[in-house]
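Scroll down for the structure; my scribbles are underneath it.
The values are calculated or read from the model by the stated rules, or taken from the named source; none is laboratory data. Computed from a predicted model, the values in this text were never measured in an experiment. All Cβ positions, glycine included, derive from the backbone under ideal geometry; neighbour counts span all protein chains shown.
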Amino acid sequence: MTYNIAIDGPAGAGKSTIARRVARSLGYIYVDTGAMYRAMALHILHQGIDPKDADAVAQACGSAEIDIRYEGGEQQIILNGENVTGELRREEVGNTASQTSVYGCVRRKLTQLQKELAARENVVMDGRDIGTSVLPDAQAKIYLTASSRTRAQRRFLELQQKGIEGNIDEIEADINERDYRDMHREISPLCQAADAHLVDSSDMAIDEVTDAILSICRGAGCC
């Protein structure tokens, strides 16, 4: 029997950071589904395709080979034989991923890979529709969120640490736009699963969020 933990939530809520810490604490494999969607978005950008062109995006899906490898315990995303992990956090890639993740062809291709991973390994998986669509039978489900301003501040600091300039108001506006797209798409919209535990990290430190989610996982028998 495998154990699955689903962590959903909007962009910038800290899902990836927290999911990694929870996976490490439990000895599970961390699966960053957002990185997989970003890899598909990067492929579409490489092809010079307009993200609004549904037919072209569908055709591009057929030529995208996306794989996950683990090096030193860290997930690496391989796109058509190339490690593209370092490119996936670019703002352009994130925006394109938000636009193209609405397409059924994209979601079907990546959801199948995610389900296969969860069937053979104990995983902590984060994304937008893990508890509702990808792993509806996960033993523990968490909806991790934070205010849009808090998420914008976190993204602003992340960019600063990389030496990249940013405007916090523009970042927040972009986050609100992505939230709207994610919550209103026709296929697998972002929402809290009925049986998911809500964790609002707006006023919580990383250790506090991690401990809260680990407590939920223990209560669900995931360790």
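Structure notes:
- Qualifying residue in region 173-184 (condition: more than 20 Å from T96 (Cα to Cα) and either touching an Asp or Glu at 6+ places or on another chain (Cβ under 9 Å) or hydrophobic (A, V, I, L, M, F, W, C) (or both)): no
- Taken as a whole, region 91-109 holds no residue that is hydroxyl-bearing (S, T, Y), exposed (fewer than 14 other Cβ atoms within 10 Å of the Cβ) and at pLDDT 90 or above.
- Taking the listed residues R149, R181, R218, the one that is in a helix (DSSP H, G or I) and touching a residue at least 40 places away in the same chain (Cβ under 8 Å) is R181, with no other qualifying.
- If only residues of region 118-146 that are of a type in the set (G, A, S) and not in a helix (DSSP H, G or I) are counted, the one that is modelled with the lowest pLDDT is G127.
- Any hit, region 6-17, residues being over 11 Å from the mean Cα position of the chain (by Cα), of a type outside the set (D, E) and at pLDDT 90 or above: no
- The one condition in (1) under 30 Å from A56 (Cβ atoms); (2) not β-branched (V, I, T); (3) not in a helix (DSSP H, G or I) that Q114 fails to fulfil: (3)
- Considered as a group, the residues in region 1-21 that are within 15 Å of A138 (Cα to Cα) and among the β-branched types (V, I, T) include one that is surrounded by the fewest Cβ atoms within 10 Å (Cβ to Cβ), and that residue is T2.
- Filtered residue count, region 136-155, keeping only those that are more than 14 Å from the chain's Cα centre (by Cα) and among the aliphatic types (A, V, I, L, M): 4
- Meets criteria (crowded, with 16+ Cβ neighbours inside 10 Å and over 20 Å from A58 (Cα atoms)) for A138: yes
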